[in-house]
Structures are given as C-alpha cells and as structure tokens.
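Q: Right, I'll just put the structure down here and ask away after.
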Amino acid sequence: MTAESRTVVPAREGRAVRVAAGRRVSVVDLEGGQVGDVFAFVPASAGSGGFTETLTEHLSAAHTRGSTNRLFPAVGQQFVTDRRRPVLTLVSDTSPGWHDMLIPACDPARYAALGAAGGHASCADNLNRALAGMGLSVPFTPQPVNVFMRIPVEDDGRLRWLPATSRPGDAITFLAETDCVVVVSACPQDLVDINGGEPTPLAIDVLP
C-alpha cells in the first residue's frame with residue numbers, strides 16, 4: 001500500500017506524527033539493521049472530535065505485557081495505555097519479527113554509564129525534541145516499544161544485546177485504535193551492538 005505521507009527519521013534523531021483513529025502507520029527500516037523506539041500518546045480530546053495540546057495518556061509496554069501475557073509483541077496483538085485502553089494494534093510485519101518491550105529508552109545517564117562524552121544523542125532527548133516541534137511536551141519518558149530490536153532472554157534470565165536483523169525496506173505496521181501522536185526515534189545507540197555500530201535512518205509512513 002502506498003503511503004499517504006512519509007516522514008523520514010534521520011539517523012540518531014526522532015520525529016512525531018499525528019495519526020487519526022482507524023488509520024495505519026508503518027515504521028520502515030530504510031537501510032536495514034536499525035532499531036526504532038516507538039512511543040504513542042493519546043491526547044485528552046481523543047474520541048471527542050480532535051486533538052488538544054495536553055498529552056495525558058501513553059502507550060505502556062508494562063501494561064501491554066500484562067494484557068497480552070507476552071514479553072514481545074506479535075501480529076494481531078493490541079498495545080494498551082497506562083489506563084489499559086487500546087491505542088495501537090500490530091497488523092503486519094515484514095521483518096524477521098524481533099521487537100522488544102523490556103528495555104527503556106536510552107538517555108544521557110545511560111551514555112554516561114557507558115563512558116560516552118557529554119552531548120551524545122539519546123532516544124529520550126529525541127522524544128522531547130520531536131514533541132516540542134508540535135508544541136507538545138511530556139513530564140517523563142515512557143518505556144517505548146523497540147521495533148526491530150533483538151533482545152532475547154536466556155534460560156537463566158539474562159538478556160542478550162544482539163544486532164538487529166531487519167532488512168532494507170522491512171516495515172512494522174500498526175492500526176490506530178484512537179487518535180494519537182506517534183513518535184519514532186532512530187536509536188542513536190552506537191556503544192552496544194544493537195544497530196551494528198552505525199545508526200541509520202527510519203521512516204514513518206501514514207497509510208490511507
């Protein structure tokens with residue numbers, strides 16, 4: 001299906017789009033091997049005819065795990081908010097199917113712990129900048145859905161941080177269950193190997 005609109009998310013940056021209820025939105029890995037942090041917010045006026053500038057409800061990975069009884073998402077499942085209401089449904093996935101709901105967004109403290117110099121880009125900062133570009137803000141960083149991110153859980157409970165296996169053009173597509181603001185960060189992580197050491201761009205396609 002041809003996109004009605006495409007928003008390119010440059011490597012190490014984030015972008016936000018408004019998605020109306022009933023529309024589909026895809027996250028596309030343009031070059032392959034790139035993780036994307038996906039956030040979604042429900043404006044206070046969702047369901048009553050439009051958007052406001054107040055973001056009071058967000059997609060919650062933790063509440064979604066409790067709702068679906070799954071650690072990782074699968075086609076057909078709904079993602080719910082911190083109020084346990086559906087916000088997105090995963091309707092198709094052309095990637096190998098690795099997507100994470102365990103790892104928080106990278107932030108300045110994470111990079112400081114890894115020994116990075118100050119000023120390293122992060123998904124938390126990307127979220128704030130992307131929302132600010134719409135005149136929006138949130139007081140915290142929700143845990144995202146990390147599309148294309150490969151974090152298997154070993155039998156002893158340990159997590160492994162492996163390179164993404166998504167290929168150029170692979171896409172994961174969601175149906176908006178309510179009016180929402182979707183933010184995607186092309187994760188700037190280059191100190192562990194999830195992006196193969198070199199972050200690359202993503203795209204957000206809003207479908208008719």
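The values are calculated or read from the model by the stated rules, or taken from the named source; none is laboratory data. Keep in mind that this is a model prediction, so the values were computed, not measured. No Cβ is skipped: glycine too gets one built from the backbone with ideal geometry, and neighbour counts run over all protein chains shown. Areas reflect the complete protein model, heavy atoms only, side chains present, ligands, DNA and RNA absent. Shrake-Rupley method; radii C 1.70, N 1.55, O 1.52, S 1.80 Å.
Q: If we scan the stretch 110-122, do we find a residue that is under 14 Å from the mean Cα position of the chain (by Cα), in contact (Cβ under 8 Å) with a residue 12 or more places away in the chain and open to solvent by 50 Å² or more (accessible area, probe 1.4 Å)?
A: Scanning the stretch 110-122 turns up no residue that is under 14 Å from the mean Cα position of the chain (by Cα), in contact (Cβ under 8 Å) with a residue 12 or more places away in the chain and open to solvent by 50 Å² or more (accessible area, probe 1.4 Å).
Q: Considering only residues of the stretch 135-183 that are in contact (Cβ under 8 Å) with a residue 40 or more places away in the chain and on the phi > 0 side of the Ramachandran plot, which is farthest from the chain's Cα centre (by Cα)?
A: Restricting to residues being in contact (Cβ under 8 Å) with a residue 40 or more places away in the chain and on the phi > 0 side of the Ramachandran plot, the top hit is Gly135.
Q: Follow-up question, since we're still on this one. Exactly one of these conditions fails for Pro104: (1) over 15 Å from Asp179 (Cβ atoms); (2) more than 14 Å from the chain's Cα centre (by Cα); (3) open to solvent by 70 Å² or more (accessible area, probe 1.4 Å). Give me its number.
A: Pro104 satisfies every listed condition except (2).
Q: Of all residues in the stretch 128-151, which are in a helix (DSSP H, G or I), surrounded by fewer than 22 Cβ atoms within 10 Å (Cβ to Cβ) and hydrophobic (A, V, I, L, M, F, W, C)?
A: Leu131, Ala132
Q: Looking at the stretch 174-208 only, could you name the residues that are open to solvent by less than 10 Å² (accessible area, probe 1.4 Å) and among the β-branched types (Val, Ile, Thr)?
A: Within the stretch 174-208, Val181, Val182, Val183, Val184, Ile194, Ile204 qualify.
Q: I'd like to verify a number: residues in the stretch 159-173 that are farther than 16 Å from Thr89 by Cα, open to solvent by less than 20 Å² (accessible area, probe 1.4 Å) and not acidic (Asp, Glu), how many?
A: The number of residues fulfilling the criteria is 2.
Q: Next up: Which one of the conditions (1) under 16 Å from Gly33 (Cα atoms); (2) touching a residue at least 40 places away in the same chain (Cβ under 8 Å) does Asp193 fail to meet, given that it meets all the rest?
A: (2)
Q: Moving on. Filter the stretch 13-33 down to the residues that are in contact with a strand residue (DSSP E or B) (Cβ under 6 Å, 6 or more places away or on another chain), among the small types (Gly, Ala, Ser) and in a loop (DSSP other than H, G, I, E, B) and list them by number.
A: Scanning the stretch 13-33 gives a single hit, Ala21.
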